[in-house]
Amino acid sequence: MRVVGRAAPLLYGLDIETDTSDNGLDPTVAPIVAIALSTEREGDAVLTGREDAVLRLVDDALGELEPGVLVTWNGGAFDLPFLADRARRHGLELGLELHWDPAASRPGRAPLPGHIGTYAARWWGHQHLDAYRAWRSLTADPDESCALKAVARREGLDAVEVDCERLHEVPLNTLRRYVHSDACLARTLARLRWDDLRRHVDRLPTGGQLALGSC
């Protein structure tokens with residue numbers, strides 16, 4: 001009898017960019033200036049403009065998509081808690097659920113301001129995969145860079161590159177191409193190594209220790 005394996009889920013790539021004119025790594029200071037959502041069936045969306053409108057749009061888009069796995073690159077430590085904080089400043093409720101994950105702590109790496117570490121997540125009906133953390137677990141050389149662009153180059157993928165510390169100076173069309181490229185790369189890399197990465201999809205608790213740090 002032939003055993004048919006479980007089909008791979010739909011993957012959705014997500015990436016954000018923040019205003020780097022002051023401190024783009026602090027959600028109490030920097031607004032989100034762009035969000036990209038890359039899908040396998042419905043096409044891609046790049047959202048820019050007024051921050052509250054962009055947050056509503058990405059939340060609505062994710063709420064309408066067939067349940068799958070939302071793929072980020074370091075999103076458990078940066079993108080997702082940043083989104084949650086900025087939404088809270090606008091009084092918006094997202095379908096984003098975050099739970100502090102003590103097992104994902106990164107020694108020597110300061111957490112996002114206002115947070116205690118990295119999160120496991122789900123957004124509406126979508127599970128979450130932090131592909132950075134997953135890829136890091138596959139890397140034998142601890143000194144090998146697992147930055148998104150470095151991994152993409154090693155896998156033969158093209159990437160849009162800019163000075164990410166001076167994003168506030170790049171033209172809007174360049175910013176849009178940059179955030180779109182990162183969302184597409186996260187999704188594509190996860191698909192390329194899905195059999196290896198799938199076990200790293202976040203598993204949220206129904207209660208207990210992991211949920212104690214939820215924000």
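Each value in this text was obtained by applying a stated rule to the coordinates, not by laboratory testing. Nothing here was measured: the structure is a model prediction, and the numbers come from that model. Neighbour counts are summed over all protein chains in view; Cβ atoms, including those assigned to glycine, are modelled from backbone coordinates with ideal geometry.
How big is the antiparallel share of DSSP beta bridges in the stretch 11-213, given as a percent to the nearest 5?
The antiparallel proportion sits near 70 percent.
Of the trypsin sites (Lys or Arg not before Pro) in the stretch 36-107, which ones lie in a loop per DSSP and count no more than 13 other C-beta atoms within 10 Å?
Loop-located and lightly packed - Arg41, Arg50.
Where the Cα atoms of the chain are projected onto their three principal axes, how long is each span, largest first, in whole Å?
Taking max minus min along each principal axis of the Cα atoms, the chain gives 59, 42, 38 Å.
Sum -39500 (n - 2.57) across every DSSP H segment of at least 4 residues in the chain, then divide by the residue count to get the 222 nm mean residue ellipticity, nearest 500.
Value at 222 nm, helices only, nearest 500: -9000 deg cm²/dmol.
What's the local net charge at Arg176, with K and R +1, D and E -1, over the other residues with C-beta under 14 Å away?
-3
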